[in-house]
Amino acid sequence: AAELRRFEASGRAGELQKALPVPESSEEEVSVEQGRVVGPYQVALAVGDVLIDLDAHEAQANRALRRQQWPSLVPDVRVAEISLPAWDSHGGSNQARILKMRIEGTEEPPDDEDD
């Protein structure tokens, strides 16, 4: 709960909501849930069968541990990570593009997104 409060206070929860792709038709609507708890972790968004993990955890070990544990925690769901530096260095339409690419599974991070 504290992690979600910090996330919402940062303003990034609102940014993610604004950046969500708009379905082209009502048949394409998918469920969207903010702050879903998955095992010991909380993800920023669950969009259909994709979890968006906005990496707000600065420690490399924490990030690596999360990556190792996703397959056992959610074996039937794809987890897409967005690094905090990549998210914060882009604004508006670029954030929407990043989020859309992650949801669609077409994420080829540009060189400036590398940690």
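Find which of 37, 103, 69 sits farthest along the positive direction of the dipole of the stretch 29-107, computed with +1 on the beta-carbon of Lys and Arg, -1 on that of Asp and Glu, about the Cα centre. So the residue we want is 69.
A simple count of charges around residue 53, restricted to other residues whose Cβ falls under 11 Å of its Cβ and scoring Lys, Arg +1 and Asp, Glu -1, yields +4. Among the protein heavy atoms, those of residue 15 account for about 60 Å² of accessible surface (1.4 Å probe, every chain in place).
The values are calculated or read from the model by the stated rules, or taken from the named source; none is laboratory data. The model shown is predicted, which means the values in this text are computed figures rather than measured ones. Don't worry about glycine lacking a Cβ; one is built from the backbone with ideal geometry, like all the others, and counts go over all protein chains shown. Each accessible area value is taken on the protein alone, full model and side chains, heavy atoms only, with ligands, DNA and RNA left out. Shrake-Rupley method; radii C 1.70, N 1.55, O 1.52, S 1.80 Å.
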